[in-house]
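These notes concern the structure reproduced below.
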Amino acid sequence: MSEVPFWLVWCENGGEPRVKQVSRTIAEREAERLAKLNPGKSFCVLPCVARYTERRVTVEQFDLGDDGIPF
């Protein structure tokens, strides 16, 4: 499944990116806005260049006893 590339705005002095920006221009505007609101902090615009996903699932079955109620 292919997804449109996205960008993140990351603050070097704290916090983690939480919002995917749909374009570089929007990410740059957001970085500028955040920098103006937070003097002395630096904000970087980062492109997503790849995504890795582990798809294996482990299933554990538990014995619920005779009546099927786990408690």
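The values are calculated or read from the model by the stated rules, or taken from the named source; none is laboratory data. Not measured: the values here are computed from a predicted model. Every residue, glycine among them, receives a Cβ derived from its backbone with ideal geometry; neighbour counts consider all protein chains shown.
Give the number of residues within the range 15-31 that are more than 16 Å from Val4 (Cα to Cα) and surrounded by fewer than 13 Cβ atoms within 10 Å (Cβ to Cβ).
Kept after step one, since they are more than 16 Å from Val4 (Cα to Cα), are these residues of the range 15-31: 15-18, 28-31.
Going one step further and asking which of them are surrounded by fewer than 13 Cβ atoms within 10 Å (Cβ to Cβ), we end up with 16, 18.
Qualifying residue count, the range 15-31: 2.
Which residues, taken from the range 26-50, are of a type outside the set (A, V, I, L, M, F, W, C) and without any contact (Cβ under 8 Å) to a residue 40 or more places away in the chain?
To start, the set of residues in the range 26-50 that are of a type outside the set (A, V, I, L, M, F, W, C) comprises 28-30, 32-33, 36, 38-42, 47.
Scanning the range 26-50 gives Glu28, Arg29, Glu30, Glu32, Arg33, Lys36, Asn38, Pro39, Gly40, Lys41, Ser42.
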Residues that are among the acidic types (Asp, Glu) and modelled with pLDDT under 95: does the range 30-45 have at least one?
no
